[in-house]
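See structure below.
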Amino acid sequence: MVIIIGFGIHPLSGAWEIELIERFRLCLQVCSCYFLHENSSRIAQSGLDLFGFRSLEDFKRAYPEEFGVLVGRTQSPSLFTLRRFLHRVRELGKGEALIEAFAQSYLQSGLAQWGVMYIDGHFMPYYGMFPITKGWHGVRQAPMKGSYNFLVVDERFTPWLFLIRSSSEDLLQKIPELIEKAKRLGEQAGVSRERLEQLIVVFDREGYSAELYRYLDGRDQGEGKRRALFISWAKYSDKWVNDLAEEQFTQGACLTHQIQESEEIRYLETERAMSKYGKIRAIVIQSGEDKQRSAIYTNGSQEEIGAERSVQLICGRWGEENAIKELRHKHLINYTPGYVMEELEKQPLVTNPEVTKLKQKRAGLVSELNRLKVDLANHVLKKRDQKQKRRRPARSRAEVLADITVTESAILLTDQELAQFSTEVPFDEAHRGEKLLRLNHEKKRFLDSIKVFVCNLRAEVGRMLLKHYDWKKEVWPAVSMIVERGGFVKLEEGQLQVTLRRFKDREIDYAARHLCEDLNAMSPVTLDRFHFPIRYQIQ
């Protein structure tokens, strides 16, 4: 008897080899072309996320003879084998291609919907000792060493495309890259040219930039072709939105949510003049009991994207934040399977430390000169404060003049020394030969591709479960209870029977039994060379 996690063979098989779920059939062939001879290692990497292993080291908790059943072997790969496999993944350098192949499969299978792209960046801190570039940690509100994960989700908040980049790159630089990449993948996935041009991009205030808006409008190439419709929150609008009269908010929009009840929001449409961009369409909304106001900017006309549609999309942007939160806490996308450092081809320029020291010295001399001039003025005006306690006896006028001359000479010499140094020098020169490094993200790109796929797989299981489970708000806890349920595996008459323990809750037991029937209708098979048919059932 082997105790496993419920439906363990189902998602692992569906993720890599067998055609267990119709929507993922094309996606199953993606990685096979890259890792043809590393089948069991690929499956084990998928199980790393699916079964809640927090790291590769945590994989030591798995019983090899029991976990091996899930990867089609008598025993699961060792930790050394998994690390060696990830080392080969890094050498192959196909992380970006793998992400794009998955993204294209999501679009072709219908798992991800074309039309709306929510784009946001997630900072992943690095706590190691090696010097790498710093980025801004949005939660701690402080600069830290780390990297960025720029994530794209669709209107249903399904993650389907992402970029892992150094913290030296920001969201403003990555939005154009993600749009171009998404359009190319959409074209390869069979999206029509008309729908490609109707793409709507939604991002938060971090993307507020006249230069970016001009790029999306195609103005960077004169009166070029518009690249995408955008919707974003406006910055620096607190004053003028609160100056608007209450009577102007005559229109209303019904804001709907997936779980929460709908909400009525008042709004008005207007135009604003934006520096370096020109006139831009603005939608001011008023919501909540305190009637808080915010402004929305978009380059789409009323005919292209209505005001209610714009309000619904931008106010629903928190769905992407929830998707990132789920990936962080349930799929641990902040985890990196080992850090590999690489030297930068060209060291970036930083402030010359010698110049900083000389400027500090000069500032001290200027302060001393100002103090001496005050002493001289006291001598001239004969208004020396007798009551003030001095640390040293009062000096004569001649001594003060001599000190002023010496201080001015020191300032002149310091200025001459400053002129001899460059304001900026390469990083290694400023830090005594220590070079600035960068992280190689190939292993993380591979592992995160699996994690995003497993996240989407669980979401698909949840949609399947909703056919037999009426409590929409409780569907995700129900999915977790079923997927993580313990059970038994038995090979009998050429068929592998996966039996899960029954559930005391009648509704969940009913939904699980019907979910097993749906999975059995897809004719799943095992991953080994025998391809035994799999049958799921409840005890």
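Rounded to 0.05, the FRET efficiency of the Lys359 and Glu177 pair, given R0 = 35 Å and the Cβ-Cβ distance, is 0.35. Placing unit charges on the Cβ atoms of the charged side chains and taking the dipole of the chain about its Cα centre, the candidate lying farthest along the positive direction among Ser166, Gln258, Phe53 is Ser166. Using θ = phi - 60° in the Karplus curve 6.51 cos²θ - 1.76 cosθ + 1.60, the 3J(HN,Hα) couplings for the range 143-149 round to x, 9, 5, x, 9, 10, 10 Hz; x is entered for Gly and Pro.
Labels on offer are [x] 221; [y] 261; [z] 171, and the one holding volume of the Cα convex hull per residue in Å³ computed from this structure is [y]. Computed packing ranks the peptides 346-355, 239-248 as 346-355, 239-248, most packed first, by mean other Cβ atoms within 10 Å. Once the Cβ-Cβ distance of Thr423 and Met129 is raised to the sixth power relative to R0 = 25 Å, the FRET efficiency obtained is 0.30. Reported to the nearest whole Å, the Cα centre-to-centre distance from the range 226-253 to the range 486-525 is 53. Simple spin-label estimate for Val406 and Leu196 gives 7.6 nm between the two label positions (7 Å along the Cα-to-Cβ direction from each Cα). Per-residue 3J(HN,Hα) values for the range 532-539, derived from phi via the Karplus relation 6.51 cos²θ - 1.76 cosθ + 1.60 with θ = phi - 60°, read 5, x, 10, 10, 9, 7, 9, 4 Hz in sequence order (x marks Gly and Pro). Legend: distances between Cα atoms for Lys60/Lys325; Lys60/Lys504; Lys94/Lys444; Lys235/Lys444; pairs beyond 23 Å are Lys60/Lys325; Lys60/Lys504; Lys235/Lys444. Could you work out how far helix 95-109 tilts from the main Cα principal axis of the chain, as a 0 to 90 degree angle to the nearest 10? Compared with the principal axis, the helix lies near 50 degrees.
Hey, with R₀ at 25 Å, roughly what FRET efficiency would Gln251 and Ala273 work out to, going by the Cβ-Cβ distance, to 0.05? Show your work: numbers first, answer last.
Working: r = 22 Å, r/R0 = 0.90.
The formula returns an efficiency of 0.65 here.
Dividing the mean sequence gap of close Cα pairs (under 8 Å, 6+ apart) by how many residues the chain holds gives a relative contact order of 18 percent. Each peptide among 100-107, 178-185, 192-199 gets the average number of other Cβ atoms lying within 10 Å of its residues, and from highest to lowest they stand as 100-107, 178-185, 192-199.
Taking the longest Cα principal axis of the chain as reference, the axis of helix 318-329 is set at about 80 degrees. A Cβ-based charge dipole, computed about the Cα centre of the chain with Lys and Arg at +1 and Asp and Glu at -1, lands at about 2240 debye. Between Ala112 and Leu107, the built amide H atoms are under 5 Å apart, and every one of these is 5 or more places off in sequence or on another chain. For the chain, the longest principal axis of the Cα atoms and the long axis of helix 39-50 meet at an angle of about 70 degrees.
Label-to-label distance, Trp136 versus Thr74, with points set 7 angstrom from Cα along the beta-carbon direction: 5.8 nm.
Computed from the coordinates by the stated procedures, all read-outs in this text should not be read as laboratory data. It should be emphasised that the depicted structure is a prediction, and the values quoted were computed from it without experimental measurement. Cβ atoms come from the backbone with ideal geometry, glycine included; neighbour counts cover every protein chain shown.
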